[in-house]
Amino acid sequence: MSFSKSTLKMAALGTALGLVFSTQIAAAKTVEITMHAMENTVEIDNKGTKYAGWTFDGKIPGPLVRVKVGDIVDFKLINDKDNKESHSMDFHAAQVDVLDEFSPVKPGETKHFKFKVKLPGAFLYHCGAMPMQQHIARGMYGMIIVDPKKYTKKFPKPDREYVIIQGQLFPNADDDKAMLEDKGWTNSLINGKVFHYDPVHDPDASIVLMSKPGERVRIFYGNANINQPIAAHPIAGIWDRVYPDGSPNNVLYGMQTYGIPTFGSAAMDIVSPADKPTNNAIVDHAMRAAMRGAITVLMNRPDADPTLGKGDKIQLQ
Ligand SMILES: [Cu+2]
């Protein structure tokens, strides 16, 4: 028995490629993420009203994913076998093949794919299974923040960070045709709940965003509406800087209101006066959204909870 020259050559080439490949993998950090597509009941307001949601990992929004430029995301989507629907994952931070990585996964099946994050920003992710507007409206969205390798003068490290993802509540969860036309929605959802962080408009609200006077607070604001843009404004303040799509490469200064398109985002910095306690209300200044739940209170006071807006308290539940 003997190996032909070409077989040996192939084997040698394979070894060489293997070495190059493993060196590349070793240089980048691989971040393993597993999510379950779930068809589960969620609470869509502060008093616990139930809704037939479709979710990533059981909540609206899905888990906050945070990686750094250059990392490799090793992702598994498990569609639980008791589900009725196919689901999928569309990461806006990925540059892949819509017909491959983002394709629908049947109940009981798992999709596994990897991608390298090449650009910094605050990207949304969502289910792309049809009817897509229904999978989004019922709650299948979230954010992946891709941090730059370094903070800079143009994009300084903030003192606190918060994620706000705004969506819409369609009480009739089965009417995907109405959803498509924005018919029948009753409320705006902020991280899955009406007036989630606004005790001024909802006495049942128990959480607010907090900072100390003078701190730089960075709001990563994502738009998970079906069709409507968001007019993001900090009442009683001015955005010190706005980074469209959360990218350090895009910077605007001194903005009153910034428009965020559907399934786009912005990172927006607010710095409150350092000499006194104040409050801001971060609103979607489109009144149809604000009055239906899209108001978030940011309290700036010396005794602000030091744990809020850091670590795992960035997307508050
Ligand atoms: Cu889905």
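Of note:
- Residue, nearest to TYR141 (Cα to Cα), within region 247-285, restricted to residues that are over 21 Å from the mean Cα position of the chain (by Cα) and not in a strand (DSSP E or B): GLN256
- Looking across region 81-96 at every residue that is more than 22 Å from GLY264 (Cβ to Cβ) and of a type outside the set (Gly, Ala, Ser), the one that is nearest to the ligand (Cβ to nearest atom) is identified as HIS87.
- Considering ALA286, ALA266, ALA281, the condition of being crowded, with 17+ Cβ neighbours inside 10 Å, touching an Asp or Glu at 6+ places or on another chain (Cβ under 8 Å), farther than 22 Å from LYS154 by Cβ and at pLDDT 95 or above is satisfied by ALA281 alone.
- Qualifying residues in region 182-204 (those that are among the aliphatic types (A, V, I, L, M) and crowded, with 22+ Cβ neighbours inside 10 Å) - the one farthest from LEU64 (Cα to Cα): VAL194
- Of the criteria (1) at pLDDT 95 or above; (2) more than 16 Å from the ligand (Cβ to nearest atom), which one ALA11 fails: (1)
- Residues of region 97-122 satisfying the condition of being within 13 Å of ASP74 (Cβ to Cβ) and at pLDDT below 95: GLU101
- Selection status of HIS135, in contact with a helix residue (DSSP H, G or I) (Cβ under 8 Å, 6 or more places away or on another chain) and either within 16 Å of the ligand (Cβ to nearest atom) or among the small types (Gly, Ala, Ser) (or both): no
- Whenever a residue of region 275-300 is assigned by TED's automatic domain parsing to the domain that holds ILE238, it has no partner that is at pLDDT below 95 and not in a loop (DSSP other than H, G, I, E, B) lying with C-beta atoms less than 9 angstrom away and at least six residues away or across chains.
- Within region 88-112, the only residue that satisfies the criterion of being outside any loop (DSSP other than H, G, I, E, B) and in contact (Cβ under 8 Å) with a residue 60 or more places away in the chain is VAL105.
- Contacts under 7 angstrom Cβ, first residue in region 38-51 being of a type in the set (Lys, Arg), partner surrounded by fewer than 20 Cβ atoms within 10 Å (Cβ to Cβ), 6 or more apart: LYS47/ASP204; LYS50/THR41; LYS50/GLU43
The values are calculated or read from the model by the stated rules, or taken from the named source; none is laboratory data. No experiment lies behind these values; they were computed from the predicted model shown. All Cβ positions, even for glycine, are placed from backbone atoms using ideal geometry, and neighbour counts span all protein chains on display.
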